[in-house]
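Read the structure below first, then the notes.
The values are calculated or read from the model by the stated rules, or taken from the named source; none is laboratory data. Source: prediction; values computed, not measured. Cβ atoms come from the backbone with ideal geometry, glycine included; neighbour counts cover every protein chain shown.
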Ligand SMILES: [Zn+2]
């Protein structure tokens, strides 16, 4: 086994090794041996999300000591190297799931990445004021989506009324809703601080603002149905839809759009899955198993999920890494 080799490599040469760690390693080897024997005898298999065949060879995905080759090539020919990304990788990226049960991990450097929508928007829509901020990828996609909406005949009436929110502001919104409509209403419609996707900087809320100065709620119907139907081509999903309330915890909100990137927005919409379901769905595609292939407006992508943060990353080419904010990381690689 490579166990001994790894041990020596970590300790280096010529260093006195106390017998206690050696005993621990010995005990570990016995436990591992029992585990392997129990597997060979048909013992309980590690859980597999979809009942598919377990990965082969058996691989620990928690970085807990199983030896995984440093270099591997995917079935489609992508050469990859095993890379430790660090714990924060689980909590950052375009695919992170945020809801009242899966709170956002506020990164220290987020403010420096956010961009003012008013200062960087195209001319095809309005924004409430200079306090609306987004991450660059969400803002760029928003500009392109609403430019194309206008090009295909849509009116300039979409008003972006919300983007990034701080925890303090979300608390204020929640308290305000309780005050105005009661606790039950607030819990149905307003996320608690930490539980709002708006913290991510990847979310916009639309309202409507007409040239005569009047305004209305955005409901995604009429000419705006184009936006709700096509947002996937720009990386956005309609996050809260009827029928998914028990999963998302939020009632139907046709004005709330979440950026998750084009390939995954296309796949989630195609499968009819809300983000809670989609994050589970992606677990069917571990690196060691069959990968997900996505055909979308931007080309063809291959994606895989890894539990933990020790992840196979492509050695070259265009790829994105995102945590799921739950337990692992998704790698999405452009292949055509
Ligand atoms: Zn919203």
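For residue 261, indicate whether it is away from the ligand (no atom under 15 Å from the Cβ) and touching a residue at least 40 places away in the same chain (Cβ under 8 Å). The answer is yes for residue 261. For region 294-309, the set of residues classified as in a strand (DSSP E or B), touching a residue at least 60 places away in the same chain (Cβ under 8 Å) and surrounded by fewer than 21 Cβ atoms within 10 Å (Cβ to Cβ) consists of 296, 307, listed by residue number. Residue 171 meets the conditions (1) under 24 Å from residue 273 (Cα atoms); (2) surrounded by fewer than 19 Cβ atoms within 10 Å (Cβ to Cβ); (3) within 16 Å of the ligand (Cβ to nearest atom) in every case but one. The failed one is (1). No other residue among 217, 184 is more than 12 Å from the ligand (Cβ to nearest atom), at pLDDT below 95 and on the phi < 0 side of the Ramachandran plot apart from 184.
Number of residues in region 232-258 that are within 16 Å of the ligand (Cβ to nearest atom), within 17 Å of the chain's Cα centre (by Cα) and either in a strand (DSSP E or B) or under 18 Å from residue 163 (Cα atoms) (or both) equals 8. If you go through region 187-198 and keep only what is away from the ligand (no atom under 11 Å from the Cβ) and crowded, with 18+ Cβ neighbours inside 10 Å, you end up with 193, 195.
Among residues of region 273-286 being in contact (Cβ under 8 Å) with a residue 60 or more places away in the chain and outside any helix (DSSP H, G or I), the one that is farthest from residue 217 (Cα to Cα) is 286. For residue 270, the test of being surrounded by fewer than 16 Cβ atoms within 10 Å (Cβ to Cβ), touching a residue at least 40 places away in the same chain (Cβ under 8 Å) and away from the ligand (no atom under 16 Å from the Cβ) is failed. Only one of the numbered conditions (1) over 22 Å from residue 200 (Cβ atoms); (2) within 16 Å of the ligand (Cβ to nearest atom) is violated by residue 297, and that is (2).
What about residue 223, is it surrounded by fewer than 20 Cβ atoms within 10 Å (Cβ to Cβ), over 21 Å from the mean Cα position of the chain (by Cα) and within 13 Å of the ligand (Cβ to nearest atom)? So residue 223 does not fit the description; no.
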